[in-house]
Amino acid sequence: MKTRISVALIAAVLILYIVVIAQWAWLLITSGSAVGVAMGAALVMLPVVAVWAIGRELWFGVRAERVGRRLEAEGTLPNDDVATHPSGRVLRSEGEAVFPRYRDQVQQHPDDWRAWYRLGLAYDAAGDRRRARSAIRQSLRLEAKSRTV
């Protein structure tokens, strides 16, 4: 629930940012000076890029959550007994201890989206967010491909 509240707050700040930048862009574009018009046009691009990036991340989150719920319904989510911080995050050393099992599953079944999703969770537990997102993206690609076949 905290994540959804955080996302809502970030989205609200983004909307405020877009409104303020749009106002500045409009003032610059209507100023009549060549420099003002050029700067206004550049300001129009900033919110467009921001909306694209935030939208892409939100879409990733929605798809990852959907696939996670599917794994949970199948009863195939990892349920390792690992120590956690008071916040609920897995201790890095505990995450690194269970990681090899999920890596081996992916090596044995490289086309299994479930194995890639579990590997992404293991990377996240081990503290490697970049690889976690990459593994979950691979899981989403494979899962989408399995639905079309």
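The values are calculated or read from the model by the stated rules, or taken from the named source; none is laboratory data. This structure is a prediction, so every number in the text was calculated from the model and none was measured. Glycine also receives a Cβ, built like all others from the backbone with ideal geometry; neighbour counts cover every protein chain displayed.
The set of residues from the stretch 105-149 being touching a residue at least 40 places away in the same chain (Cβ under 8 Å) and more than 19 Å from VAL62 (Cα to Cα) comprises ALA122, ALA125. Restricting to the stretch 117-149, and then to whatever is small (Gly, Ala, Ser), over 17 Å from ARG66 (Cα atoms) and buried (at least 16 other Cβ atoms within 10 Å of the Cβ), can you tell me which residue is modelled with the highest pLDDT? Ranking the candidates gives ALA122 first.
Considering (1) within 17 Å of the chain's Cα centre (by Cα); (2) modelled with pLDDT of 90 or more, the lone condition that GLU57 does not fulfil carries the number (2). Applying a threshold of 6 Å to beta carbon distances and a minimum spacing of six or more residues, or different chains, the list of pairs starting in the stretch 2-14 at a residue that is in the same structural domain as VAL49 (by TED's automatic domain parsing) and ending at one that is part of a helix (DSSP H, G or I) reads LEU14/ILE54. Within the stretch 31-42, no residue that is assigned by TED's automatic domain parsing to the domain that holds VAL19 sits with its Cβ atom under 6 Å from a residue that is among the charged types (D, E, K, R) and surrounded by 10 or more Cβ atoms within 10 Å (Cβ to Cβ) at 6+ positions apart or across chains.
Of the residues in the stretch 99-115, at least one is modelled with pLDDT of 90 or more, of a type outside the set (Val, Ile, Thr), assigned by TED's automatic domain parsing to the domain that holds SER139 and in contact with a His (Cβ under 9 Å, 6 or more places away or on another chain). Filter the stretch 60-87 down to the residues that are β-branched (Val, Ile, Thr) and assigned to a loop (DSSP other than H, G, I, E, B), then identify the one that is modelled with the highest pLDDT. Of everything passing the filter in the stretch 60-87, THR76 is modelled with the highest pLDDT.
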